[in-house]
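Only one structure is covered here, and it is reproduced in the block below.
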Amino acid sequence: MSAIEALRDKISLEANDLHSLQRDLSRNMNSRRQFAHQYSENDLVHKELERLDNDAKVYKLIGPALIRQDKVEAISNVAKRMGFIEHETSRLDNAIKGLESKQDGKQKVVSVSHMINKVIVCN
C-alpha cells in the first residue's frame, strides 16, 4: 500500500468519524429540543396549579380514568418532573458541548488531511 493510499484511508476513516459525531450531535440536539418543549409544558401546568384555590379539585389522567389528586401532591409531582427535565437538559448540554468540541477537532484533521492529499497529488 502506497503512502497516498494510506493517507486516503486515513481521510476516509476520519470523515466517517466526523459523520458519526454529526449524527450523535444531531440526535442530542433533537432530544434537547424535546426536553425544552416538555419543560415549557410542565412550567405552564405548574403555574396553573399554583393559581388554583387550595380547595380546588385536581384530577390526573391515568389510563382511561381520571383520578382525583391532592393539589399539593400534583404540584410536587410536576416540580419533580421539572427537576428531572432540568437535570437531563443540563446533561445533554454538556454532551453537546463535548461533541461540538470533538467535531471541531475532527473537522480540522479532515481539512488538513485533504490539504496534504492535494499537495501530494499535485506534486
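Taking the condition hydroxyl-bearing (Ser, Thr, Tyr), surrounded by 11 or more Cβ atoms within 10 Å (Cβ to Cβ) and in a strand (DSSP E or B), does Tyr39 pass?
no
Yes/no per residue for (1) modelled with pLDDT under 95; (2) touching a Gly at 6+ places or on another chain (Cβ under 9 Å); (3) exposed (fewer than 11 other Cβ atoms within 10 Å of the Cβ):
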{"site": "Arg68", "(1), (2), (3)": "no, no, yes"}
{"site": "Ala74", "(1), (2), (3)": "no, no, no"}
{"site": "Val78", "(1), (2), (3)": "no, no, no"}
{"site": "Glu88", "(1), (2), (3)": "no, no, no"}
{"site": "Asp93", "(1), (2), (3)": "no, no, no"}
{"site": "Gly98", "(1), (2), (3)": "no, no, no"}
{"site": "Asn117", "(1), (2), (3)": "yes, no, no"}
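May I ask you to say which residue of Val78, Val72 is over 18 Å from Gln34 (Cβ atoms), in a helix (DSSP H, G or I) and of a type in the set (A, V, I, L, M)?
One residue alone meets the criteria, Val72.
Of the conditions (1) exposed (fewer than 11 other Cβ atoms within 10 Å of the Cβ); (2) of a type outside the set (A, V, I, L, M, F, W, C); (3) modelled with pLDDT of 95 or more, Asp55 satisfies every one except a single condition; which number is it?
(3)
Is there a residue being on the phi > 0 side of the Ramachandran plot and in a loop (DSSP other than H, G, I, E, B) anywhere in region 47-54?
No.
Would you mind telling me which numbered condition in (1) over 30 Å from Val110 (Cα atoms); (2) surrounded by 11 or more Cβ atoms within 10 Å (Cβ to Cβ); (3) over 12 Å from the mean Cα position of the chain (by Cα) Lys47 fails?
Result: Lys47 fails condition (2) only.
The values are calculated or read from the model by the stated rules, or taken from the named source; none is laboratory data. Bear in mind that the values here come from a model prediction, so they are computed numbers and not experimental data. Ideal geometry is used to build each Cβ from the backbone, glycine not excepted, and the neighbour counts take in all protein chains shown.
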